[in-house]
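Notes follow the structure.
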Amino acid sequence: DTAVSQTPKYLVTQMGNDKSIKCEQNLGHDTMYWYKQDSKKFLKIMFSYNNKELIINETVPNRFSPKSPDKAHLNLHINSLELGDSAVYFCASSQINEQFFGPGTRLTVL
Amino acid sequence: QQQVKQSPQSLIVQKGGISIINCAYENTAFDYFPWYQQFPGKGPALLIAIRPDVSEKKEGRFTISFNKSAKQFSLHIMDSQPGDSATYFCAALTGNTPLVFGKGTRLSVIA
């Protein structure tokens, strides 16, 4: 059983489009995150949710909107995609300290 | 401001050798220091972690050394194997906050 799953694994789209990435965790964790990994492999937090509530919103354009329909899901919707949004996006979940990462979604904006 | 500095950026080690990756942090509120291993096309996976109340933690071939006064910690991989070739990230956090990552070290173990 996959602990943290993301769909899709690959996403190729044109500039200006709107797209969503879905994340689900079956670990029963209260806290979920979205991280962005750029072309140089640097990992940076984007959002943090605890029990469906937004806790942390780093300096991310408001074109990015996370949504947590329940504790097990945290989706990421991106409006008006730009070339600079191309990256790998990782979902993660945690209970106490230890964070488990999903397999990532590689987003390519053309 | 980079809160966790990691070095080296890349490392080549002979099979059977010792791989050493170093990290330094700035925020003294950090209380949990994990190392993550990432293979190409995969998400980061927790390898080993330490809290600041101990100076060393060992799990199999992997050891974390922690120096609280110097605000530094390092990962040692003993008897390095080609299967250890991956990107390694040190990180830090306090409580249930998001991880603050170092910039990563690409390790290549050659036979």
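Each reported figure results from applying straightforward, stated rules to the coordinates on display, with no laboratory input. Predicted, not measured: the structure shown is a model, and the values here were computed from it. Neighbour counts run over all protein chains shown; Cβ positions are idealised from the backbone, glycine included.
Under a plain spin-label model, where a point goes 7 Å from the Cα along Cα-to-Cβ, how far apart in nm are A:ILE96 and A:ASP38?
3.6
Can you tell me the relative contact order of the range A:17-67? Whole percent, Cα pairs under 8 Å, sequence separation 6 or more.
23
How many Lys pairs in chain B lie less than 19 angstrom apart by Cα atoms, where the lysines are 8 or more positions apart or on different chains?
8
³J(HN,Hα) across the range A:11-22 via Karplus (A = 6.51, B = -1.76, C = 1.60, θ = phi - 60°), whole Hz, x for Gly/Pro?
Each residue's phi maps through the Karplus curve to give 9, 10, 8, 8, 3, x, 6, 10, 9, 10, 10, 9 Hz.
Ranked from highest to lowest mean number of other Cβ atoms within 10 Å per residue, what is the order of the peptides A:15-24, A:32-41?
Ranked from most to least packed, the peptides come out as A:32-41, A:15-24.
Can you give the FRET efficiency to the nearest 0.05 for A:SER5 and A:GLU58, using r as the Cβ-Cβ distance and R₀ = 25 Å?
My answer for the efficiency is 0.60.
Would you mind pulling out the separation of the Cα centroids of the range B:52-91 and the range A:1-64, in Å?
Here the two parts' Cα centres lie 28 Å apart.
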